[in-house]
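Novice: Got a structure here, written out as structure tokens. Questions coming.
Please treat every number below as a calculation from the coordinates, not as lab data. Since the model is a prediction, treat every value here as computed from it, not as a measurement. For neighbour counting, all protein chains shown are included, and Cβ atoms are generated from backbone atoms with ideal geometry for every residue, glycine included.
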Amino acid sequence: MIIRKSAEEIDRMARAGIVVARALALVGEHARPGVTTGELDTLAEEFIRSSGGAPTFKGYRGYPASICASPNSVVVHGIPGDYRLAEGDVLAVDVGVTLDGFVADSAYTFAIGEIGAAAERLLEACREALHAGIEQCRAGNHLGDISHAIQTATEEAGFSVVRSLVGHGVGRAMHEEPQIPNFGEPGRGPALASGMVFAIEPMINAGGADVVVHDDRWSISTADESLSAHFEHTVAITPEGPRILTASEDRVEAGLLQ
Ligand code: MF3
Ligand code: CO
């Protein structure tokens, strides 16, 4: 069952979403060559707690940190630690915050210093795929419209969509129904309705779509070690159309796209 949220509940989720957006902007400001991913994790956790929220990921199925920090060929779920960022890296950062009983979830892939043209294109394609998916978050559409829009945008840009990882419904729990694949057929799947809230999260690779899980049992990398990108927003379907709950002024000011 897809749990629908009231307008008041969506406003509460938006407050969690602002904390997520600000935490991501803060991480982005500090994600520079020489900084470790563990330092970024500490920074994010302190900010989230000082905002009255809790880092949703910490302790989730034993996950040991507050954020996921996934450099270069790591697709998602990189555990922050001693990895020191270097000029030319790309770093996907995923943040979840629980505030007032609701979760918001968002990810952004940062360029560390100057990155190559191919990496720039990958990041841009992933952002565009996310927004193509968000655009389909409208009452009367079907789940497959979101999936198809993401897949089309990604493949037209010459990149591949990871098949084994999906977006998801989000609310009082981080993972609610439905699962939202980043590939699929338009018009298929459940009809979308106002009050549904989804974490839309394309994970796209410069090379092949296959991924492998590391020995730490969390980090997931591209099988061919090509670069990967991940962008995610928590989005509510409202009578006025899609409402992004994890965008904020701060994020725009920090030079990050909504
Ligand atoms: N955004 C990710 C997801 O939706 C974050 C989960 S990380 C975990 O699955 F550690 F909490 F599992
Ligand atoms: Co998510």
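Novice: On full extension of the chain, what length is gained from Arg188 through Glu225, given 0.36 nm per residue of separation minus the C-alpha to C-alpha distance?
Specialist: 10.0 nm
Novice: Still on this model: Which residue, chosen from Phe110, Ser219, Ile10, occupies the Cα position most advanced towards the positive end of the dipole of the chain, where the dipole is computed from +1 (Lys, Arg) and -1 (Asp, Glu) charges on Cβ about the Cα centre?
Specialist: Result: Ile10.
Novice: 7 Å from Cα along Cα→Cβ at both Tyr63 and Glu155: what's the point-to-point distance in nm?
Specialist: Result: 2.9 nm between the two label points.
Novice: So which GluC sites (Glu not before Pro) in region 107-163 end up in coil per DSSP with only 14 or fewer other C-beta atoms within 10 Å? Don't skip to the end; give the middle numbers.
Specialist: Details: sites: Glu114, Glu120, Glu124, Glu128, Glu135, Glu155, Glu156; in loops: Glu114.
Sites meeting the loop and neighbour criteria: Glu114.
Novice: To the nearest 0.05, how large is the calculated FRET efficiency for Ala118 and Met1 if R₀ is 45 Å and r is the Cβ-Cβ distance?
Specialist: With R0 = 45 Å, the Cβ-Cβ based efficiency is 0.60.
Novice: If neighbour count is taken as other Cβ atoms inside 10 Å, put Ile67, Ile2, Ile220 in order from fewest to most.
Specialist: So the residues, fewest neighbours to most, are Ile2, Ile220, Ile67.
Novice: Additional query: Where the centroid of each part is defined by its Cα atoms, how far is region 103-140 from region 170-211 in Å?
Specialist: Result: 14 Å between the Cα centres.
Novice: I need the peptides 30-43, 159-172 ranked by packing, meaning the mean over residues of other C-beta atoms within 10 angstrom, with the highest value on top.
Specialist: 159-172, 30-43
Novice: Also, I was wondering about something else. Once label points are set 7 Å from the Cα along Cα→Cβ at both Arg172 and Arg217, what is their separation, rounded to one decimal in nm?
Specialist: If labels sit at Arg172 and Arg217, their model points lie 2.9 nm apart.
Novice: Going by average Cβ density within 10 Å per residue, which order do the peptides 3-14, 74-85 take, highest to lowest?
Specialist: 74-85, 3-14
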